[in-house]
Amino acid sequence: MKYKDNLKTLLSGIPSSYAQIFFSTNQFLAIILIIISFFDWQSGLCGMLSVVVSNVFSLVLGFNRFSISKGLYGFNSLLVGLGIGQYFVLSPLLLVVVLFAALLTFFFSVAIEGIFTKYGLPFLSIPFLLAIWTIKLATKDFHALELSPRGIFIANELYMLGGNSIVELYYFLHNWFLTSSVRIYLLSLGAIFFQFNILAGVLIVVGLLVHSRIAFIYSLVGFYIAYWFYQLLGADFTALGYNYIGFNYILTSIALGGYFLIPNKKTFFWILLLLPLVIVISIATSNILAIYGLSVYSLPFNIIVLTFIYTLKIRVLPNLGPENVFRQYKSPEQNLYYFQNNSLRFKGSVSIPISLPFWGKWNVTQAHNGEITHKDDWAHAWDFEIKDGSGKKFKRNGALVTDYLCYNKAVLAPAAGYIVEIVDGIADNTIGEVNLKQNWGNTLIIKHAETLFSKLCHLKAGSIKGKIGDHVTQGQIVAFCGSSGRSPIPHLHFQLQSTPYIGSKTLNYPICHFIENSADTTKMLSYTNPQLDTNVENIEINSILKKALSFIPGQELHFEVIRNGIKTKSMISVYSNMANKTYMFCKKYNATAEIFNDGSVHYFQNYEGSTKSVLFILYKVLFKIQMGFYKNLTIYDTMPLHLNFRGLTRIIQDFVAPLYLFCHSRYSLVYSAVDDELSPKQIDIEGNINNSILRFKYSKSVFKISVGKQGLNKIEYKNNKTEITINQLSTPT
């Protein structure tokens, strides 16, 4: 088994090493690049040998299998092998040199990765530069190596590779009417793989278009910004046709435009500013390295990309300017679509979820920037009271604090933390009077993080539970509502602040999830602030919804799937990764879907793999579900558009995506029925996914979910092409 795993890792690492040069794992692009590398079969052989050597050594020495399979330890060695194979005639001695050069490059990769990782930077092709320069300087004294005359008679070399047909194709492209800039653009693309012909460039364009339309657009943008800047300066742009360093502009634009940064208008602007710097560095370093007979290769690309990424990492306000890609997906399109979608889904989201500090429905009698006391440095706070169905706050005549509906009601910890401050022993006021000397009244402050504290005020004397230093959990009773301090009637004052002191400035920090009730609607709101005169409550967790949606690592879910009348069985496993994130995995289709569950709301986040898997249906219908039952409550969300659009529409959207999104995918569900509100055994939920182009309907999917005490009883999903019924076969364990 270990032998098979090692072989699988090595075999997957070979094509990935080729695609990785364009920041990709696309297998089609990898195959094209492998073919191109063998246009000069001797150079291609040296490149392939280098990849195998690096991957074998990384595996033998116990390096991360994932990194090996993704080509992270192979792509620099590949470039070194291609370069050496291009310069010398193939011989046994050359193969020995290639072997040791690959080993040297691998060591450089590991060492530089270790250094750069500390700063959150990629090592790019720095190992290639160090290795190729070292080898070139050393081989000046290797007189047994014969310099290669290849590249002079390209037609003969192509004939040996693929016969007369490939030679005819080469001459067709070579004699094709191309402007000087297009010709140099194609030559520059080919030069990335040490291939100095237009055919290689054309094939790379095809591979880029299949892999990523955005990457292709940025390759053109980068090259032509450089082209126009050369003309503006009066520099000789045709010189790029001789040294082929134009690929620095292409790689810089692709790297910053779609891989390390989110592709959008801001990114275009920054590439416009950065490309002239690449030109300056290209010209300057070329003059310096020419003294030693060395080429700049990809040095300008490395300098600008690494410098700019590091600059962005140490900025104080990361939300300004271009956005870093914090999680890499398979393409610039996915980077963009997931970023856009998550920005909408989790707008205002915070690392520490804060809930409302009470049970049941309370009314917001003073919100942020209130009319009475919530002003200036103390503007971001809430006052809560309880009102009955007719809007009254008290029973009888309201002359006593005990008449008020909120008086002596439990006050809860809004999040886990430690008690850091207590003020107690202040008597409740007579109705209508206030205590301005002890303004905040009985108060409890809880520390949730280094710069996040919650403050609960006007508490009942003697009701605070615990002492300073005690740990509390979210939802734990910590006190009871009173009317102490500046409190003419019983109410609860609640605020968040960044320091632990009584009287600290308030912090504009949202409530994670809550239900807002009005006369005719019930809404779930997330990561926002409760508004004045609204009735709000925490989500009241329903036991069967919680059980059905609490996916625990180690679970195996078994389903019967009926797709368009054809019955099959499927199994989904639940795991957690090294980042402690829970995800579902379908082995049959190698599909994964990441789960986020904060105890109140279940989300599916990222999906990767075949859309044929039953996991893809689960991902779509369970995209966002809160775990309380509220009759006719509707949940809305947006879905990543690349998962719901295909064909020409998707291709056109990809081309213009950095500037404009005209495709939209919207998710909604409604809690339709429960068999028994007091002791439910089954809950029915209905929903749909509407895909639109501009404002016009593109496609629609509808679904029904039946949840019971054993979990997900049944899911029915239907669109214009597919009708699927999913029955859960066993209880999650």
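Values in this text are rule-based calculations from the coordinates and carry no lab data. This structure is a prediction, so every number in the text was calculated from the model and none was measured. Heads up, the Cβs are rebuilt from the backbone with ideal geometry, glycines too, and the neighbour counts pull from every protein chain shown.
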What's the long-distance tail for the stretch 482-556, i.e. % of Cα pairs beyond 16 Å? 70
Would you mind checking the tilt of helix 27-37 against the longest principal axis of the Cα atoms of the chain, expressed as 0 to 90 degrees and rounded to 10? 20
For 65, 695, 646, order by how many other beta-carbon atoms lie within 10 Å, fewest first: 695, 646, 65
Computed magnitude of the charge dipole of the stretch 362-509 (debye, nearest 20; Cβ of K, R +1, Cβ of D, E -1): 280
Within straight-line cross-link reach of residue 714, aspartates and glutamates at Cα separation under 16 Å, skipping those fewer than 8 residues along the same chain: 560, 675, 684, 686, 723
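Hey, got the dipole for the stretch 543-728? About the Cα centre, +1 on K and R Cβ, -1 on D and E Cβ, debye to the nearest 20?
Values: 24 positive and 14 negative charges, 106 e Å.
In debye, rounded to 20, the stretch 543-728 gives about 500.
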For the stretch 1-115, how big is Rg over Rh, using alpha carbon atoms and the Kirkwood form of Rh? 0.96
Amide H within-cut-off set for residue 212, under 5 Å, with H built and near neighbours excluded: none
Between 203, 104, 374, whose Cα lies farthest towards the positive end of the dipole of the chain when Lys and Arg beta carbons carry +1 and Asp and Glu beta carbons carry -1, centred on the Cα centre? 203
Grab every C-alpha pair in the stretch 543-728, bin the distances at 10 angstrom width from 0 up to the longest one, and report whole percents. 9, 35, 37, 17, 2, 0
For the stretch 301-368, alpha-carbon Rg relative to the globular expectation (2.2 N^0.38 Å, N residues): 1.71
If only Cα atoms are counted, what is the Rg of the stretch 508-642, and what is its Dmax, in Å? 17.1, 54
Given Cβ point charges of +1 (Lys, Arg) and -1 (Asp, Glu) and nothing else, what value in debye, to the nearest 20, does the dipole of the chain about its Cα centre take? 1060
State, to one decimal in nm, how far the label point of residue 66 lies from the label point of residue 631, with both points 7 Å from Cα in the Cβ direction. 4.7
Would you kindly state how much longer the chain becomes between residue 350 and residue 93 on full extension, computed as 0.36 nm times their sequence separation minus their alpha carbon distance, in nm to one decimal? 86.5 nm
Highest mean packing first, using Cβ neighbours within 10 angstrom, the peptides 111-122, 179-190 sort as 179-190, 111-122
Cα pair distances of the stretch 212-326 binned at 10 Å [whole percent]: 14, 46, 29, 10, 1
Which pairs break 18 Å Cα to Cα here: 361/409; 375/505; 70/581; 409/546; 569/681? 70/581; 409/546; 569/681
In vacuo Debye sum over C-alpha of the stretch 362-509, base-10 log of normalised intensity I(q)/I(0) at q = 0.11, 0.15, 0.21 Å⁻¹, listed in q order, is -0.38, -0.71, -1.38
Taking Lys and Arg as +1 and Asp and Glu as -1, residues besides residue 507 with C-beta under 11 Å from its C-beta add up to +1
In what sequence, highest mean first, do 399-411, 485-497 appear when ranked by Cβ atoms within 10 angstrom? 485-497, 399-411
Expressed in angstrom, Rg and Dmax over the Cα atoms of the chain are 31.9, 107
What does the charge count near residue 378 come to, summing +1 for each Lys or Arg and -1 for each Asp or Glu among other residues with Cβ under 11 Å from its Cβ? +1
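Hey, what's the per residue convex hull volume over the C-alpha atoms of the stretch 387-455, in cubic angstrom? Please list the in-between numbers first.
Details: hull volume 8.9 nm³, N = 69.
Value for the stretch 387-455: 129 Å³ per residue.
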Which one, 408, 469, 423, projects farthest toward the positive side of the charge dipole computed for the stretch 365-517 from Cβ point charges (K/R +1, D/E -1)? 408
Range of Cα positions in the stretch 632-733 per principal axis (Å), largest first: 52, 27, 26
Helix 647-656 sits off the longest principal axis of the Cα atoms of the chain, rounded to the nearest 10 on a 0 to 90 degree scale, by 90
Checked against the positive end of the charge dipole of the chain (+1 on Cβ of Lys and Arg, -1 on Cβ of Asp and Glu, about the Cα centre), the farthest of 129, 254, 29 is 29
